[in-house]
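Before any comments, here is the structure.
The values are calculated or read from the model by the stated rules, or taken from the named source; none is laboratory data. Everything quoted here is computed from the prediction, not taken from an experiment. Glycine gets a Cβ as well: all are built from the backbone with ideal geometry, and neighbour counts include every protein chain shown.
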Amino acid sequence: MPDQKDILKNLKTSSIDRRFSIAKASFLAGTRWATSNATSFFASDEEKERKRKKVLTEQANYLVSEIGKLKGSIVKIGQMMALYGEHFLPREVTDALNTLNNQTIAVDWNAISPHLIQQLGNKINDLEVDPNPIGTASLAQVHKAVLKSTGEVLVLKIQYPGVASAIDSDMNLFKQMLRLTNLLPQTREFDQWFEEVRDMMHREVDYTLEAQTTLRFANYLKDDMRYVVPQIIEKYCTDQVLCMSYESGLPVNSPKVLSLSQQRRNKIGEASLEIAVKELFVWGEMQTDPNFGNYLVRLAETDEEVDKIVLLDFGAIRQFDEEMLTLAHNLIHAGYLHSLDQMVDAMKGYPFFDQIPENIKPDMAKVFLLATEPFSSLSNNSDIPEGIMNNQDQYDWKKSQLHQRVMQRASKSMASRYFSVPPKEFMFISRKFIGAYTFMTVIAAQANIRKSLNF
């Protein structure tokens, strides 16, 4: 629960209030930028660059602090830009935007309660709602509630009032803010990504869609005891309130989870990898937000039970067409074989790769071979560093430092400029697996990911 000192008394839901706040912040940041340029006129190139980065960092941090005060969709836009903007925005900007993920300011219950009553009507009398949120986010906050008739503990995900209707306006404000403060790259690719973020935002506030998706995933996993999906309580769901069963668990990085035996951590890691593989290759739809806040770990209390992963959020689900699924499968299979030729062949027929010069593709394939190292085996891949994979093909993610190695290889690659603007579907999948790899690294798990694939 957030510190009671950090409570937002009310939301600026009107477009005039929000527009004024952003315009004021943009003007002040833009003035700072212009002043910096004027005072750097006679400086050396090195000094100008140092000062440019310093001012860029300062104004990005300032704008992010102002954005955070508004809550709602403009914060979520910033979070998404932090996640995917590394290909379009300066490092100083994405670093500042990343701090939005740590903002836990709750909205005062007096501002939330009337909205909840308006949404539920007389059904609110069935519930005893805790006014202190157990979770806060940019678009909503979560409150525990008890069903008075049975004592059942529920959770209410309450969308902040005015969020859904403000998305398009906030998107335009965010883009205008970047432009006025010289933070916006003038590229067609950025505009395409911006529109993709707009679509994602509209999906995230569609609670009817999220409820349906949650039910669908619950059905997918109903026979697998390793996963917990909250039950949807339809009676108390509306367009802006999602009611679910309360599911307990520990954060992924909690000391209790990290102190489990190697075997138990391996089992939890295998489950986290397997669901990512099933989402992509079995169900054809994937939770694309790798935020650890979307997962909990419920520890077994007896020897007969298993440790479980609690899946909390289904608002960022994305479907993939057969062409993308086939491409992903072929790339991973080439990685399993650790074959440069097959990796190059796997790229054929997909427009993004077809437009890349033939002499560049082997260089790009080498990056993919490294990224798919966990899918290979000691018998197939003599390039695996010593001690990273054992003779049961269990891969040690923490020891591997795979993400850093892939980034270093990609940055040095002749194909680096083609990585700068990847297709959005490709980025969603890569982000998902980066999240899964990070999960494995945090809990120091060792697992054979190929168990989930028919290789």
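When each of 279, 322, 270 is tested for being touching an Asp or Glu at 6+ places or on another chain (Cβ under 7 Å) and either more than 23 Å from residue 215 (Cα to Cα) or among the acidic types (Asp, Glu) (or both), the lone residue that passes is 279. Here is the figure for the stretch 437-455: residues that are buried (at least 22 other Cβ atoms within 10 Å of the Cβ) and part of a helix (DSSP H, G or I) total 4.
A search for C-beta distances below 7 Å between a residue of the stretch 219-235 that is over 24 Å from residue 119 (Cα atoms) and any residue that is of a type in the set (Phe, Trp, Tyr), counting only pairs 6+ apart in sequence or on different chains, returns 220/283; 221/227; 229/217. Here residue 219 passes the criteria (1) loosely packed, with under 15 Cβ neighbours inside 10 Å; (2) outside the structural domain of residue 444 (by TED's automatic domain parsing); (3) under 23 Å from the mean Cα position of the chain (by Cα) except the one numbered (3). Of all residues in the stretch 195-227, those being outside any helix (DSSP H, G or I) and charged (D, E, K, R) number 5.
Taking residues in the stretch 355-378 that are part of a helix (DSSP H, G or I), and partners anywhere that are among the acidic types (Asp, Glu), the pairs with Cβ atoms closer than 9 Å and at least 6 places apart or on different chains are 362/341; 365/341; 369/383; 370/383; 373/383. If you check residue 426 against the conditions, is it in the same structural domain as residue 319 (by TED's automatic domain parsing), under 30 Å from residue 351 (Cα atoms), at pLDDT below 90 and surrounded by 14 or more Cβ atoms within 10 Å (Cβ to Cβ)? Yes; evaluated as a whole, the condition is true for this residue.
For the stretch 404-423, a residue qualifies if it is under 22 Å from the mean Cα position of the chain (by Cα), at pLDDT 85 or above and surrounded by 14 or more Cβ atoms within 10 Å (Cβ to Cβ), and the qualifying residues are 405, 406. Where strands (runs of 3 or more DSSP E) fall wholly inside the stretch 233-311, the ranges with 3 or more residues that are over 17 Å from residue 436 (Cβ atoms) are 241-245.
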